[in-house]
Structure formats: structure tokens, C-alpha cells
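Novice: Got a structure for you, written out below as C-alpha cells; questions coming shortly.
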Amino acid sequence: MRHPLSLTAARTLLAAVLAATATAAATAAATAPATAAEVVVDDFDTTRTDTFTAPLEGCLPADLLGTATVTEHSTGRVVRTPAATVIKGLDAYDFRMTFPDGRYVRSGVDEERFSVVLTNPGRVTVASTASRDERTIYAPDGTPIGTLSIRETYDVVFRDTNGNGEPDPGEITTERHRFRLTCG
């Protein structure tokens, strides 16, 4: 899961993907199809809200802290077969931040599409995320005074050769991370 207020490092994102895949793998094992022809499909739909204090990355002074409330709504599908588990979904965020001087920030489009494929045997994980985050910065009177735009993609292929669920040297065979933050 992406945290909307941090410049997400690829390794942090990989750790989040691996944590999610470990949970999915445990669930998959518990409800694994009994026969080669059997397929189990589960949909998910969850919402959670976090409130915290932080700076607005990149577009306002780093020492200006605001109170942010972020509601994440995750929807998707998990498909399990004897050979693989596929997880696809969308995280949609509602972001609001208020600063002590009265300025505030609200999200427009703020979403992350993700897909994870876990294969067995071989314990190969292929994960991909693509996020788009558009925010508007407002003066205390409600006049738009700026924008923040974040585009990020991350792709990784991880072969867990020793079965410990963590990336060890040589187990990540492909890793691409692209990040762009624009202030206007």
C-alpha cells in the first residue's frame, strides 16, 4: 500500500507488496483449490481512515506541518488456482490536509492500481503498481493557489529461492521504479 504523504522508495513498496503477498499466500493456502480444475474467486472491498501530522511533500516548506486525513478504499479480486494466486485491485484515496495558517489541500484523482501474481511451485512473485495523485492547494479563503501531481509506477519480479518470504541478494530479477512529483 502506498502512503500518500511519503515519497515512496522502491524498497519500501517492495516490502509492502511482500507483506501483502504473504497474507494472500497464507489465505490462499487455507482455501487452496482441491483439484487442478478448481478455481476460487474472492472479491474484497475495505475502507480505512488515518489521521496524522506531516509536511506536504515537495510543494510547500518542509517545516510547515499540517494535519492530514486520508481515507483509503480498496477494491479488487483474488483468484486462486493450484498453480497461482492473482490479486488485482484499486486503492482510491480521499486526501485532506489543513495547515495552521488556514491553507488546505484536497485531493482530486488519487488512485493506485495494483496487480500481484504468486506462482507455486517456484515461489515467483510478479508485482506491479501504477499511481496517479492530483491535489489542489487552497488559500484560507478557498482560492486555489497551487497544485501537486504525483505519478509513480513500480514493477518487480521476485523469486524466493530459499522460501523465507524476503528478498535476498540475487532473488529480485527485475525492478523498475519511476517517480515524478510536479508542483504548479
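The values are calculated or read from the model by the stated rules, or taken from the named source; none is laboratory data. If you're wondering where the values come from, they're calculated on a predicted model, not measured in any experiment. Note that we place each Cβ from the backbone using ideal geometry, even for glycine, and neighbour counts take in every protein chain shown. Calculation scope for accessible area: heavy atoms of the full protein, side chains included, ligands and nucleic acids excluded. Shrake-Rupley method; radii C 1.70, N 1.55, O 1.52, S 1.80 Å.
Novice: Being open to solvent by 70 Å² or more (accessible area, probe 1.4 Å) and touching a Gly at 6+ places or on another chain (Cβ under 8 Å), is that true of even one residue in the range 143-159?
Specialist: The initial filter retains those residues of the range 143-159 that are open to solvent by 70 Å² or more (accessible area, probe 1.4 Å), namely 144-145, 151, 159.
Now narrow it down to the ones that are touching a Gly at 6+ places or on another chain (Cβ under 8 Å): 159.
Yes, there is a match, as at least one residue in the range 143-159 is open to solvent by 70 Å² or more (accessible area, probe 1.4 Å) and touching a Gly at 6+ places or on another chain (Cβ under 8 Å).
Novice: Could you list all residues from the range 147-170 that are over 21 Å from the mean Cα position of the chain (by Cα) and at positive phi? Spell out the reasoning first.
Specialist: The initial filter retains those residues of the range 147-170 that are over 21 Å from the mean Cα position of the chain (by Cα), namely 147, 160-164, 168-170.
Correct list: Gly163, Gly170.
Novice: When Val105 is evaluated against the numbered criteria (1) within 22 Å of Ile150 (Cα to Cα); (2) at pLDDT below 90, which criterion, by number, is the only one it fails?
Specialist: For Val105, the exception is condition (2).
Novice: Follow-up. Counting only residues that are open to solvent by 20 Å² or more (accessible area, probe 1.4 Å) and within 15 Å of Asp50 (Cβ to Cβ), which one in the range 68-97 is nearest to the chain's Cα centre (by Cα)?
Specialist: Result: Ala92.
Novice: Also: Looking at Asp63, Asp50, which is the one that is farther than 25 Å from Asp155 by Cβ and under 18 Å from the mean Cα position of the chain (by Cα)?
Specialist: Details: Asp63 fails: under 18 Å from the mean Cα position of the chain (by Cα).
Testing whether each residue is farther than 25 Å from Asp155 by Cβ and under 18 Å from the mean Cα position of the chain (by Cα) leaves just Asp50.
Novice: Show the residue pairs meeting these rules: Cβ distance below 6 Å; 6+ apart or different chains; first residue within the range 127-150 and closer than 15 Å to Ala68 by Cβ; second residue in a loop (DSSP other than H, G, I, E, B) and of a type outside the set (Gly, Ala, Ser).
Specialist: If the second residue must be in a loop (DSSP other than H, G, I, E, B) and of a type outside the set (Gly, Ala, Ser), the pairs left are Leu148/Cys59.
Novice: Which of the residues that make up the range 160-184 are hydrophobic (A, V, I, L, M, F, W, C) and touching a Gly at 6+ places or on another chain (Cβ under 9 Å)? Reasoning before the result, please.
Specialist: Step one: of the range 160-184, the residues hydrophobic (A, V, I, L, M, F, W, C) are 172, 179, 181, 183.
Of everything in the range 160-184, those that are hydrophobic (A, V, I, L, M, F, W, C) and touching a Gly at 6+ places or on another chain (Cβ under 9 Å) turn out to be Leu181, Cys183.
Novice: With the structure loaded, tell me whether Glu38 is open to solvent by 60 Å² or more (accessible area, probe 1.4 Å) and either modelled with pLDDT of 90 or more or in a loop (DSSP other than H, G, I, E, B) (or both) or whether it fails that test. Steps first, please.
Specialist: Values: open to solvent by 60 Å² or more (accessible area, probe 1.4 Å): yes; either modelled with pLDDT of 90 or more or in a loop (DSSP other than H, G, I, E, B) (or both): yes.
So Glu38 passes the test.
Novice: Among the residues that make up the range 41-59, is at least one of them more than 23 Å from Val109 (Cβ to Cβ) and modelled with pLDDT under 90?
Specialist: For the range 41-59, residues more than 23 Å from Val109 (Cβ to Cβ) and modelled with pLDDT under 90: absent.
Novice: Right, another one. With the condition kept exactly as written, say whether any residue in the range 154-167 is at pLDDT 85 or above, out of contact with any strand residue (DSSP E or B) (no Cβ under 9 Å at 6 or more places or on another chain) and not in a strand (DSSP E or B).
Specialist: Scanning the range 154-167 turns up no residue that is at pLDDT 85 or above, out of contact with any strand residue (DSSP E or B) (no Cβ under 9 Å at 6 or more places or on another chain) and not in a strand (DSSP E or B).
Novice: Also, I was wondering about something else. Quick check: anything in the range 123-132 of a type in the set (S, T, N, Q) and open to solvent by 40 Å² or more (accessible area, probe 1.4 Å)?
Specialist: First pass over the range 123-132, keeping only residues of a type in the set (S, T, N, Q): 125, 128-129, 131.
Then keep just the ones that are open to solvent by 40 Å² or more (accessible area, probe 1.4 Å); that gives 128.
Scanning the range 123-132 turns up at least one residue that is of a type in the set (S, T, N, Q) and open to solvent by 40 Å² or more (accessible area, probe 1.4 Å).
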